[in-house]
1. If I ask for residues that are assigned to a helix (DSSP H, G or I) and touching a Lys or Arg at 6+ places or on another chain (Cβ under 8 Å), which ones from the range 35-58 would you list?
2. From the list R391, R398, which residue is open to solvent by 60 Å² or more (accessible area, probe 1.4 Å) and under 25 Å from the mean Cα position of the chain (by Cα)?
3. Report whether or not R102 is at pLDDT 50 or above, open to solvent by 70 Å² or more (accessible area, probe 1.4 Å) and not hydroxyl-bearing (S, T, Y).
4. Which residue pairs have Cβ atoms under 6 Å apart, sit 6 or more places apart or on different chains, and have a first residue in the range 275-291 that is farther than 23 Å from S417 by Cβ and a second that is open to solvent by less than 30 Å² (accessible area, probe 1.4 Å) and outside any loop (DSSP other than H, G, I, E, B)?
5. Would you be able to say whether some residue in the range 170-191 is part of a loop (DSSP other than H, G, I, E, B) and among the aliphatic types (A, V, I, L, M)?
6. Look through D310, D295 and report the one residue that is modelled with pLDDT under 95, surrounded by fewer than 24 Cβ atoms within 10 Å (Cβ to Cβ) and more than 21 Å from D207 (Cβ to Cβ).
7. Exactly one of (1) at pLDDT 95 or above; (2) open to solvent by less than 10 Å² (accessible area, probe 1.4 Å) is unmet by M231. Its number?
8. How many of the residues making up the range 324-336 are under 17 Å from I299 (Cα atoms) and either without any contact (Cβ under 8 Å) to a residue 24 or more places away in the chain or assigned to a loop (DSSP other than H, G, I, E, B) (or both)?
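The values are calculated or read from the model by the stated rules, or taken from the named source; none is laboratory data. Just so it is clear, the structure is predicted and the values come from calculations on it, not from any experiment. Note: ideal-geometry Cβ built from the backbone for every residue, glycine included; neighbour counts use all protein chains shown. What goes into the accessible areas is simple: the full protein's heavy atoms, side chains included, and nothing from ligands, DNA or RNA. Shrake-Rupley method; radii C 1.70, N 1.55, O 1.52, S 1.80 Å.
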Amino acid sequence: MSKPLSVRKKQESSLDLPQDSPRAGESKQSWVYRQIQERILKGVLASGARLPSTRSLSQRWHVSRSTVEAAYDQLRGEGYTTGAVGSGTYVSAVIPDNFFRRGLPGDAGSGAVSGPSTLRAMPLPPARLEPLFAARTADAALFPMATWRKGLMVSAQRVTPDQLANEESQGWLALREQIARYLGAARGISCDADQVVILTGIRDGLDLSARILLSRQDKVLVEDPGYLNAMPLFSQFTSRVVPIAIDEHGFSVARARRQRGVKLVHVTPAHQSPTGVTMPVSRRLELLAWAEQADCWIIEDDYDSEFNYDSAPLAALKSLDTADRVIHCGSFNKTMFNALRIGYAVVPKRWVAAFARARHTTGRSNSMIEQMTLAGFLEDGSFARHVRKARAVYAQRRDLVLDLLAQAAGGEALRVSGDQAGFHLVWWLPAGVDIAALLDKARAKGLALQSVADYCRRVVLPPGLVIGYSGQDEPALRRQGALLRGLLADAQAFPPMP
């Protein structure tokens, strides 16, 4: 696919600069990340500069392509870069002015105030882009804050000094008991409170699992396309993180069988991230049988399973796990509000003590008062009532977004996936839409769209956009729909050069 002229005119970066030697104990990924990050912060790589492709940089710096991809993912996740496959990766960091006055740690003259000529030489940061259809979170406005506030007051009155002083590494027992009951009823998981570990969220579960299970030579398999934070998290503990292309049923066990030495697999079976595919029972049983045969462990990322709109959800992968191979991770941050920071994992019995030790060692814990309040919220039915209410609202927003996309598609048939559940869906663009031109038009107007290609490691999928809708009300969604229609009209009005 040819790129529009506006993309061709983007400033190309040159990383043929002298390379700093790796620091003691620094991984290759950290080394690549640091060199690019420091050049961005020093202004050597200006805002809008285009980075080399991962293939080109891996050859130039003599590191594996997966290492460069992981470093690029980290840079993009922290806001230093933006872009997608097909349109390139660009510097987009918004750096505070006082940072340039202060300088990088360890720089000569750090702490001195730069003169006017120095400040004029620094590139101006670009305006922050407004994301379109990026609200893939719980809408805090729907949460019954009055009920929660009352629960917090009751917990604060009832908590004892012993409870405040006693930090249980796995989390408060009463909350773990309520979670075990909830998972039995809602997700079909038969477990007891001793298997439940309270976390700050699903990423905490991935990080702890990697700390406990992985050594540097172990291999981890992740979905491709897949959850953006999975590879950077696992790459902290092993350099052998392998993307496995999904198929129409999600994670491909057939492709996984070709790998040797696999220790850990990360999957999103309820609502594949980002395509929204639901893994059928036959594939789940095949995955569990292979994991037992290969002697590896599975992390089930159950990030938005509470929200199914057209039918009841399948029971969790963990519910079929007779060999106790699955670490099931969930989060109340997704169902209630982001700032809660309470998630959980149901871990195989042989790993319970190791998870408790890791929680203690890392010093991670949750507020006792909030744990007590959440336990009561689950026990008295407030949580179930909130989920039912939110599910109905999100379903209405899903329907509205489908209508808005149908309008944007014009006479073309609307092709989507993942609309049956969760906080987002994927819109597979109509034939003839140049996604590189569309993304470039959006950037020119100060807008940002999320391409499916952003989630891809090695696979190349048809052009599509990830459309989030749960965290925006109807007026906001309608406004974004109008902006999207305008972008599509602009992109189609200027066809790509032959």
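1. Going through the range 35-58, the residues assigned to a helix (DSSP H, G or I) turn out to be 35-41, 54-58.
If the condition is that a residue be assigned to a helix (DSSP H, G or I) and touching a Lys or Arg at 6+ places or on another chain (Cβ under 8 Å), then T54, R55, S58 are the ones that fit.
2. Values: R398 fails: open to solvent by 60 Å² or more (accessible area, probe 1.4 Å).
Just one listed residue meets the conditions, R391.
3. Details: at pLDDT 50 or above: no; open to solvent by 70 Å² or more (accessible area, probe 1.4 Å): yes; not hydroxyl-bearing (S, T, Y): yes.
Judged against the criteria, R102 is not a match.
4. Sorted first by the residue in the range 275-291, then by its partner, the pairs are W290/V253; A291/I298.
5. Of all residues in the range 170-191, those part of a loop (DSSP other than H, G, I, E, B) come to 170-172, 187-191.
Right, trim to among the aliphatic types (A, V, I, L, M) and you get 189.
Scanning the range 170-191 turns up at least one residue that is part of a loop (DSSP other than H, G, I, E, B) and among the aliphatic types (A, V, I, L, M).
6. On the way: D295 fails: modelled with pLDDT under 95.
Sole residue among the options that is modelled with pLDDT under 95, surrounded by fewer than 24 Cβ atoms within 10 Å (Cβ to Cβ) and more than 21 Å from D207 (Cβ to Cβ): D310.
7. Among (1) at pLDDT 95 or above; (2) open to solvent by less than 10 Å² (accessible area, probe 1.4 Å), the lone unmet condition for M231 is (1).
8. From the range 324-336, those under 17 Å from I299 (Cα atoms) are 324-331; that's our starting set.
Still in the running and either without any contact (Cβ under 8 Å) to a residue 24 or more places away in the chain or assigned to a loop (DSSP other than H, G, I, E, B) (or both): 324-325.
So the count comes out to 2.
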